[in-house]
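The values are calculated or read from the model by the stated rules, or taken from the named source; none is laboratory data. Bear in mind that the values here come from a model prediction, so they are computed numbers and not experimental data. Backbone-built Cβ (ideal geometry, glycine too); neighbour counts: all protein chains shown. Accessible surface is based on the protein model in full, side chains and every heavy atom, while ligands, DNA and RNA are left aside. Shrake-Rupley method; radii C 1.70, N 1.55, O 1.52, S 1.80 Å.
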Amino acid sequence: MKEFLFLRHGETDWAVQRFYYGYADCQLNERGRRQAVEAGERLREFGPFQHAFVSDLSRTRDTASLAFPEIRDWVQLPELRERNFGRWEGRHYREIMESEPEEWQAWCEDTWTRPVPGGESDSQFGRRAAGAWQRLVEEGERALVVAHSGSIRGMLIAALDLPSDTFQKLRLDPCRACRLLVSEGYPVLVGFGI
């Protein structure tokens, strides 16, 4: 049996301000740092882990080191990054609506195939998340994965073979986790929002 514990990174100021920040390398704020320490205490019972994977962005790396300081051999995987919001990174959606109304409207009408300007569409992001999940299954037995809300939800959708519109129906708050077991190739979600 394979076991995966997915942990979303802690809070950032850009998240509080509701800016798009998928690929942007923003830092945890003070609350996010506290959340990471608390998550480590809360999730300790699920260890020890044979493998530890983390997105290569600093908010996930910092969450990982604060939550699990005893783990030294983190494998950084760029494919675990959040969705790429292209030129909309670091901007509030209201600003985008006002400055690029046609582009915004076109994207809202077809997020599945239309990429964010300079970024990814839902389908591109979903394929990347599915590829990340496949790599984790191949490389991990009992694995801890510290990543982003979007990439975690995308991997769950791929693992559980859920419809793509499930993505918007799942919410994983900062420094909350989910647990997935895979037995004989059959995945089961056994905890969400832990």
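Details
- Ranked order, MET97, MET1 - accessible area, probe 1.4 Å, largest first: MET1, MET97
- Heavy atoms of TRP107: accessible area, 1.4 Å probe, square angstrom to 10: 20
- Annotation note: trypsin sites (Lys or Arg not before Pro) in the range 134-194 located in DSSP loop regions with a Cβ neighbour count of at most 13 within 10 Å are ARG171.
- DSSP-defined beta bridges in the chain - what % are antiparallel, rounded to 5: 55
- Cβ-placed point charges (K, R +1; D, E -1), dipole of the chain about Cα centre in debye, nearest 20: 440
- Cα gyration tensor of the chain - equivalent ellipsoid semi-axes, whole Å, descending: 28, 20, 13
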